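A.B. asks: Take this structure first; my questions come after.
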Amino acid sequence: MTAPMPAPFDLRSDTVTRPTAAMRAVMAAAEVGDDCYGDDPSVRALEAMVSERMGKPAAVFLPAGTMSNQITVRVRCRPGDAIAAHPGAHVRIHEDASAAAISGAQIMTLGTRGGYGVRELEALCHEESCGWPPVRLVWLENTLGDAGGVPWPLHDPAGAHDRGLDDLGRWARAHQRAVHLDGARLWNAHVATGIPLAAYAACADSVAVSLSKGLGAPVGSVLCGDEAFVAEARRHKHALGGGFRQAGVLAAAGLHAIEHHLDRLADDHARATRLANALRELPCWDMPTPLTNLVVAPVRAPWDHAEQLCAPLRAAGVHCYPNTYREVRFALHLGIDDADLEQIITIIRRVVTALPPPR
Ligand SMILES: *Cc1c(COP(=O)(O)O)cnc(C)c1O
């Protein structure tokens with residue numbers, strides 16, 4: 001007799017959640033219309049709610065965060081322009097080189113995957129001269145996904161360094177650069193720090209927030225900015241095939257998610273901390289102190305790469321994700337409760353303890 005296979009627990013990403021029964025019910029009941037004609041009341045309600053929360057005049061509902069980001073690049077950049085971004089930016093490493101492929105823009109990196117500061121931005125923009133592409137777009141991301149869901153500070157502690165989003169936004173405006181905030185997980189930053197969403201968004205001309213990450217809606221992103229920017233974004237939405245007609249069934253899920261799943265992100269954050277604390281004594285990785293819902297653990301010698309741990313964990317029913325070649329990522333989300341987490345911890349301890357170190 002073999003022991004029953006444990007339920008598979010999927011911690012690869014906070015995108016793996018399924019809509020709850022309550023969410024499916026509001027989707028089924030959603031009032032809809034043709035979004036391409038601006039007729040869908042649920043889409044309009046979602047756009048109004050998010051633009052109000054972000055403190056921006058207008059918003060457009062889009063199928064994906066990637067489309068929000070790429071439309072922003074398209075609106076702000078001409079071929080040959082540059083975007084200033086930290087090396088771990090989603091737009092740089094997870095969007096199929098679309099800034100280059102679709103808009104002809106080059107991403108110039110600065111700082112670390114933990115962000116950058118005003119002096120670094122100033123230095124990058126200072127290089128503009130013969131042959132050096134003009135930096136049209138200053139790119140911010142909060143939370144910093146690649147770095148493990150770290151909130152990018154709004155204000156820097158006085159005099160310490162200059163990495164505050166507010167300082168960066170001020171500098172960019174004073175130097176006529178557009179600023180975009182990729183806030184796929186801005187909700188997590190807001191819940192973790194208590195800083196209002198609109199205070200973060202005020203540092204940027206445009207902000208994109210995801211509905212399908214921690215909030216647990218099946219799809220969607222909302223891109224916010226001023227009226228002119230959003231009008232232009234709507235044109236590109238349609239041009240790229242993002243006009244999704246009776247999208248109210250999806251917008252209704254987003255509205256429900258903001259109303260019912262925002263405060264509970266604190267539970268994901270607490271579970272991420274619990275997971276990291278429980279797994280810290282295992283010899284295979286350096287366990288961080290997570291600040292939001294992502295746990296990113298660099299493997300330790302003699303382990304050499306993440307898949308050496310991800311593969312046996314997956315076989316035992318815990319799916320995790322190689323964040324980079326040498327880092328294992330666990331994402332906490334709506335689909336994992338406290339009882340699941342205790343089982344997950346037990347499985348990981350058992351698997352790792354039994355694992356012969358690689359030679
Ligand atoms: C997930 C994510 C995106 C893209 O969102 P999709 O809806 O998956 O296209 C963009 N930026 C960041 C920081 C993300 O985490």
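The values are calculated or read from the model by the stated rules, or taken from the named source; none is laboratory data. This is a predicted model, so every value here is computed, not measured. FYI the Cβ positions are ideal-geometry reconstructions off the backbone, even for glycines, and counts take in every protein chain you see. When the accessible area is computed, the model is the full protein with side chains, heavy atoms only, and any ligands, DNA or RNA have been set aside. Shrake-Rupley method; radii C 1.70, N 1.55, O 1.52, S 1.80 Å.
A.B. asks: At a 1.4 Å probe radius, carbon and sulfur cover how many percent of the accessible area of the range 92-217?
C.D. replies: Values: 2520 of 4730 Å².
Within the range 92-217, the accessible surface is 53 percent carbon and sulfur.
A.B. asks: Magnitude of the Cβ-charge dipole of the range 202-262, K/R +1 and D/E -1, about the Cα centre, nearest 20 debye?
C.D. replies: Dipole about the Cα centre, nearest 20: 300 debye.
A.B. asks: How large is the helix-only mean residue ellipticity at 222 nm for the chain, computed as the sum of -39500 (n - 2.57) over DSSP H runs with n ≥ 4, divided by its residue count, in deg cm²/dmol to the nearest 500? Please report the intermediate quantities before stating the final value.
C.D. replies: On the way: 14 runs with 145 residues, N = 359.
So the helix-based figure for the chain works out to -12000 deg cm²/dmol.
A.B. asks: Let me ask something else about it. Between GLN106 and HIS238, what is the spin-label point distance in nm, taking each point 7 Å from the Cα along the Cα→C-beta axis?
C.D. replies: 3.5
A.B. asks: Can you compute the charge dipole magnitude of the chain about its Cα centre, using +1 on each Lys and Arg Cβ and -1 on each Asp and Glu Cβ, nothing else charged? Give it in debye, rounded to the nearest 20.
C.D. replies: Details: 34 positive and 40 negative charges, 126 e Å.
Computed about the Cα centre, the dipole is about 600 debye.
A.B. asks: Using the Cα gyration tensor of the chain, with a ≥ b ≥ c the square roots of its eigenvalues, what is the shape: rounded (a/c below 1.5), prolate (a/b larger than b/c) or oblate (neither)? Numbers along the way, then the final one.
C.D. replies: Details: a/c = 1.93, a/b = 1.26, b/c = 1.53.
It is oblate, given that a/c is not under 1.5 and a/b is not larger than b/c.
A.B. asks: Given a Förster distance of 45 angstrom, what is the FRET efficiency for GLU342 paired with TYR37, based on the Cβ-Cβ distance and rounded to 0.05?
C.D. replies: Values: r = 50 Å, r/R0 = 1.12.
The value I calculate is 0.35.
A.B. asks: For VAL328, which sequence-distant residues (separation of 5 or more, or a different chain) have an amide H within less than 5 Å of its own amide H, given hydrogens modelled in the peptide plane?
C.D. replies: ALA297, VAL299, ASN323
A.B. asks: Under a 10 Å cutoff between Cα atoms, tell me which one of SER42, SER210, SER68 has the largest fluctuation in the Gaussian network model of the chain.
C.D. replies: Fluctuation is largest for SER42.
A.B. asks: Then there's this: Note the direction-averaged projected area, equal to a quarter of the hull surface, for the Cα convex hull of the range 206-269, in nm².
C.D. replies: On the way: hull surface 19.8 nm².
Answer in nm², one decimal: 5.0.
A.B. asks: In whole angstrom, note down how far apart the Cα centers of the range 209-277 and the range 95-166 are.
C.D. replies: Answer, in whole Å: 23.
A.B. asks: Just report the Cα centroid separation between the range 58-94 and the range 322-345, whole Å.
C.D. replies: So the separation of the two Cα centres works out to 28 Å.
A.B. asks: Further, regarding this structure: Compute the projected area of the convex hull of the Cα atoms of the range 63-115, averaged over all viewing directions, and report it in nm² to one decimal place. Can you show the working numbers first?
C.D. replies: Numbers: hull surface 13.5 nm².
Computed as one quarter of the Cα hull surface, the answer is 3.4 nm².
A.B. asks: Out of all DSSP beta bridges in the chain, what portion is antiparallel? Express it as a percent rounded to 5.
C.D. replies: Working: 20 of 38 bridges.
Percentage antiparallel, nearest 5: 55.
A.B. asks: Do you know the relative contact order of the range 270-344, to the nearest whole percent, from alpha carbon pairs under 8 angstrom that are 6+ apart? Before the final figure, lay out each step's value.
C.D. replies: Numbers: 110 pairs, mean separation 20.6, N = 75.
Answer for the range 270-344 is 27 percent.
A.B. asks: Follow-up. Could you provide, to the nearest whole Å², the per residue accessible area of the range 147-233 with probe 1.4 Å? Walk me through the numbers on the way to the answer.
C.D. replies: Working: 2720 Å² over 87 residues.
Each residue of the range 147-233 exposes 31 Å² on average to a 1.4 Å probe.
A.B. asks: Still on this structure, please answer the following. Which of these, LEU62, LEU124, LEU334, has the largest mean-square fluctuation under a Gaussian network model of the chain (Cα springs below 10 Å)?
C.D. replies: LEU124
A.B. asks: A follow-up question, please. Over the chain, calculate the relative contact order: mean separation of alpha carbon pairs under 8 Å at least 6 apart, over the residue count, as a percent. Spell out each step's value before the answer.
C.D. replies: On the way: 752 pairs, mean separation 85.0, N = 359.
It rounds to 24 percent for the chain.
A.B. asks: Just the accessible area per residue of the range 17-57, please: how many Å² with a 1.4 Å probe?
C.D. replies: About 55 Å² of surface per residue is accessible.
A.B. asks: Looking only at GLU307, GLU47, GLU227, which one moves most when the chain is put into a Gaussian network model with springs between Cα atoms under 10 Å?
C.D. replies: Fluctuation is largest for GLU227.
A.B. asks: Oh, and also: Skip the ligands, DNA and RNA, and give the accessible area per residue of the range 78-128 with a 1.4 Å probe, whole Å². Could the numbers behind the result be given before it?
C.D. replies: Numbers: 2290 Å² over 51 residues.
Here the residues of the range 78-128 average 45 Å² of exposed surface.
A.B. asks: Determine the relative contact order of the range 86-225: mean sequence separation of Cα pairs under 8 Å and six or more apart, normalised by residue count, in whole percent.
C.D. replies: Working: 225 pairs, mean separation 26.3, N = 140.
The value is 19 percent.
A.B. asks: Please compute the net charge surrounding GLY164, taking Lys and Arg as +1 and Asp and Glu as -1 over other residues with Cβ under 15 Å from its Cβ. Mind showing how you got there, number by number?
C.D. replies: On the way: positive: ARG119, ARG163, ARG170, ARG173; negative: GLU120, GLU122, GLU141, ASP156, ASP162, ASP166, ASP167.
Taking every Cβ under 15 Å from that of GLY164, the sum is -3.
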